[in-house]
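The structure appears right after this line, and notes come after that.
Just so you know, all these numbers are worked out from the coordinates, no wet-lab data involved. The model shown is predicted, which means the values in this text are computed figures rather than measured ones. Note that we place each Cβ from the backbone using ideal geometry, even for glycine, and neighbour counts take in every protein chain shown.
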Amino acid sequence: MSKIQKKSVGIGLRSPHYLHLLEAQPDIGFLEIHSENYFNPHSKNHDYLEQIAQHYPLSFHGIGLSLGSSDPISQQHLKKLKTLVDRFQPALVSDHLSWCSLQGNFFNDLLPIPYTEEALACFTDNVNQVQDFLQRQIIVENPSSYLEYQNSDMSEAQFLNTLTEKTGCGLLLDLNNVYVSAINQQFSVSEYLAAINHQHVQEIHLAGHSKKEVDGETLLIDTHSTQVSDAVWDIYQQYLHTTATDAITLIEWDVDIPALDDLLIEAQKAQHIRQVAK
């Protein structure tokens with residue numbers, strides 16, 4: 001199994017960087033892949049992953065399990081994920097607090113769920129099913145949000161904390177998502193983070209966001225298309241200082257992907273903040 005050192009900083013593995021990574025082999029704590037991009041064992045992506053995995057530990061990050069859906073988990077998807085996990089033995093396997101399928105229809109988005117007992121029971125069952133099938137723990141990422149359900153009867157932090165207690169899963173704490181949601185929903189970042197059970201946080205995500213004007217108001221959108229904002233860097237620094245967490249950190253950049261060297265500068269900044277926070 002891949003082993004990632006505690007407090008390591010990594011980057012997302014993206015196809016424009018395959019050759020540069022293999023040639024330069026820069027000093028990176030780990031690489032994170034989007035699992036679904038490597039399901040085809042005969043693809044170029046898979047071939048490159050075989051080579052790159054010889055040099056770097058891996059984390060797998062999925063978007064397609066639809067853990068929040070009342071639909072049954074796709075057995076085809078689950079089998080492909082298990083084949084990939086068994087082959088590369090990543091240090092972590094993650095997916096999102098969201099849903100993306102309904103009555104057999106798949107939506108190419110991470111859709112929000114209500115924070116209710118019914119939704120929690122459904123999500124718990126699905127996480128347990130995935131963990132039993134993979135025979136290993138998964139970790140679940142907090143979403144970016146743009147609306148909230150009126151029938152929610154618990155906070156997002158309560159939902160996540162209870163989920164970890166019921167399933168034994170871990171948490172992937174996306175600090176950009178926390179900030180985006182806090183601005184859009186007008187809640188306190190510090191209160192949200194104080195409510196999270198940090199013992200279960202195994203990975204932190206840092207990413208950039210965009211702004212859009214909607215009906216005269218500014219909406220933040222989790223686009224992963226730019227550098228990490230100063231506000232999110234500040235949250236990261238404060239979070240490390242407050243919790244002394246051993247969680248690993250990932251720089252996400254999925255749209256308008258920069259040169260590898262520019263991405264490494266972001267990772268080095270995270271590493272510097274990490275070292276100062278010790």
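Mean sequence separation of contacting Cα pairs (under 8 Å, at least six apart), scaled by the length of the chain, corresponds to a relative contact order of 18 percent. Evaluating 6.51 cos²θ - 1.76 cosθ + 1.60 at θ = phi - 60° for every residue in the range 46-63, the Karplus couplings come out as 5, 4, 5, 4, 4, 6, 5, 5, 6, 10, 9, x, 10, 10, 9, 10, x, 10 Hz, glycine and proline recorded as x. Relative to the Cα centre, the charge distribution of the chain, modelled as +1 at Lys and Arg Cβ and -1 at Asp and Glu Cβ, gives a dipole magnitude of about 940 debye. Counted over the chain, the DSSP beta bridges are approximately 25% antiparallel. Of all DSSP-defined beta bridges confined to the range 1-132, some 25% are antiparallel rather than parallel.
Placing unit charges on the Cβ atoms of the charged side chains and taking the dipole of the range 47-192 about its Cα centre, the candidate lying farthest along the positive direction among Ser70, Ser188, Leu147 is Ser70.
Taking other C-beta atoms within 10 angstrom as a stand-in for reagent exposure, Thr243, Thr249 fall in the order Thr243, Thr249, fewest first. Can you give me the Cα centroid spacing of the range 201-269 and the range 39-90 in angstrom? Value for the Cα centre distance between the two parts: 24 Å.
Residue order for His34, His224, His205, fewest other beta carbons within 10 angstrom first, comes to His34, His224, His205.
Taking amide hydrogens as placed 1.01 Å from N in the peptide plane, the amide H of Gly12 sits under 5 Å from those of Glu32, Ile251, Trp253, each at least 5 positions away in sequence or on another chain. log₁₀ I(q)/I(0) of the chain at q = 0.09, 0.15, 0.16 Å⁻¹, via Debye over equal Cα point scatterers, no solvent, to two decimals? The calculated log intensity ratios at q = 0.09, 0.15, 0.16 Å⁻¹ are -0.40, -1.20, -1.38. Beyond 25 Å in Cα-Cα separation lie the following of the pairs Lys44/Lys211; Lys3/Lys80; Lys44/Lys80; Lys7/Lys269; Lys7/Lys80; Lys3/Lys269: Lys44/Lys211; Lys7/Lys80.
Modelled label positions at Ile257 and Gln238, each set 7 Å beyond Cα in the direction of Cβ, lie 3.3 nm from each other. The magnitude of the dipole of the range 1-143, with charges of +1 and -1 set on the Cβ of Lys/Arg and Asp/Glu and taken from the Cα centre, is near 440 debye. Karplus-based coupling profile of the range 122-136, in residue order and whole Hz: 5, 5, 4, 4, 5, 4, 4, 4, 5, 5, 5, 5, 7, 6, 6, with θ = phi - 60° in 6.51 cos²θ - 1.76 cosθ + 1.60 and x standing for Gly or Pro.
Ranked by how many other Cβ atoms sit within 10 Å of their own Cβ, fewest first, the residues Cys122, Cys169 fall in the order Cys122, Cys169.
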